[in-house]
Amino acid sequence: MNDTPGWASPGSAPSEGQNSGVPHPAPPVDGSGPSSKWSKEQPPPGQWSAPTGPGRLPGPPPPSWGGGRQDGGWGRPPAAAKPGVIPLRPLGVGEILDGAVSTLRAHWRPILAVTITVSVVSQICSILVERYLLPAPPDVDPNATPEEALQQSVDSLQASLLALGPALLIMLIGTLLTTALLTVVISRSVLGRPVTLAEAWREARPRLPHLLGLTLLLPLGSTVVMTVGVLPGLLIGGAGVLLSVLGGLAALTLIIWLVIRFALASPALVLERQGVIASLRRSAKLVQGAWWRIFGITLLTVLLAFLVNMIIAIPFTIIAFAVDGVALSDLFSGNSPDFGWAFLIITGIGSVIASSITYPISAGVTVLLYVDQRIRREALDLELARAAGLPGYGAEPPGSNATGG
């Protein structure tokens, strides 16, 4: 339909008495002219409708949003189909966050089954490792000589790194499982389809080895980058402190850039069944030209997750201090307080509750960012509409994967 002035669709002429202020050509005075040759009795204006019935082909599907077209008159976008938790069009920041929260509400059974199980197992392993496998942290003597203070610092750093290793390994395994399973659940929620935990596990299990490789590769690459940035200054000695600081800042900047560039590798690996390197390339291609947008949404998600963690963890930590009998002043006495089982169990419960909320939201934002970028770049909305069985988009091709490509 052409919306330019001076053109009207058939049957849309104004009725008598309407738009009287609009000038019209004056009728002939003598009654001659084209209008006098027509009968006064005319059929009613034609009413146009979409062709229906046997043998009629359906009209073409609505245009894809991926092409950037705006088809609702006066610059308004047409209403997008919404078979699941998001409308099938380019998404705003609020819609991505709302979609992640809506996924948690709509599929809370499989999501909480995954996150609570992984969080509980991770917390139990962390508590057992901390109580029985790690050595006691060294005490700090406030009256030590400079040489002794330096040695104490080195010992404390070694103890911290030793304690960090098992915690990182446990977190790595938990993140691996939750990422794989939640990616499947969230991808189904986009189509409005229910999914059970068994179905999610069956679909995600073949991708776990590749996802493990990706999960190990990213932290390893970040460690190498930071080492290259800091090591030259450390080799120089005391005069190289400034060089180490500058190198560390440069390395940190590069790490942030790489993290965002490869932020969509996990959903690409799981949903498109890509390999590790192929998923990294896929993420880099999808993020290209949208780095700052993805960085802003990711940063906002991290801040929201941190805020939720603090809101939940602080009350549990205060209760744990009160129950365990450890005073806050003990934390600043220079010696590590001896936390009992009550403290570890209560703070662990708080961590489980916080993780059960923040894990699904963080994973949901990542997957929905992936879907959003594919809608903008590759017209994924049409494939999703076909996969969801929406009328007017045709049947889903056999063996196709709407969110996989």
Tell me the residue from A320, A387 that is modelled with pLDDT of 70 or more, surrounded by 20 or more Cβ atoms within 10 Å (Cβ to Cβ), more than 28 Å from the chain's Cα centre (by Cα) and not polar (S, T, N, Q), please. A320
So S156 clears everything in (1) modelled with pLDDT of 75 or more; (2) surrounded by 14 or more Cβ atoms within 10 Å (Cβ to Cβ); (3) among the small types (G, A, S) except one condition, right? Which one? (1)
Among the numbered conditions (1) aliphatic (A, V, I, L, M); (2) touching a residue at least 40 places away in the same chain (Cβ under 8 Å); (3) outside any loop (DSSP other than H, G, I, E, B), tell me where M310 comes up short. (2)
Out of all the residues in the range 194-208, which are hydrophobic (A, V, I, L, M, F, W, C), surrounded by fewer than 18 Cβ atoms within 10 Å (Cβ to Cβ) and under 10 Å from A180 (Cβ atoms)? W201, L208
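So, in the range 184-202, how many residues would count as being in a helix (DSSP H, G or I) and either touching a Leu at 6+ places or on another chain (Cβ under 9 Å) or hydroxyl-bearing (S, T, Y) (or both)? I'd like the intermediate steps shown before the answer.
Taking the range 184-202 first, the residues in a helix (DSSP H, G or I) are 184-191, 197-202.
Cutting the leftovers down to either touching a Leu at 6+ places or on another chain (Cβ under 9 Å) or hydroxyl-bearing (S, T, Y) (or both) gives us 184-187, 189-191, 197, 200-201.
Here the count works out to 10.
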Taking the stated definitions as given, is L211 touching a residue at least 40 places away in the same chain (Cβ under 8 Å), assigned to a helix (DSSP H, G or I) and either aliphatic (A, V, I, L, M) or buried (at least 19 other Cβ atoms within 10 Å of the Cβ) (or both)? yes
Among residues of the range 269-297 being among the β-branched types (V, I, T), closer than 26 Å to P209 by Cβ and within 16 Å of the chain's Cα centre (by Cα), the residue surrounded by the most Cβ atoms within 10 Å (Cβ to Cβ) is V270
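The values are calculated or read from the model by the stated rules, or taken from the named source; none is laboratory data. A quick note: this is a predicted structure, and the numbers were derived from the prediction, not measured. Methodologically, a virtual Cβ is constructed for each residue, glycine included, from the backbone with ideal geometry; neighbour enumeration extends over all protein chains shown.
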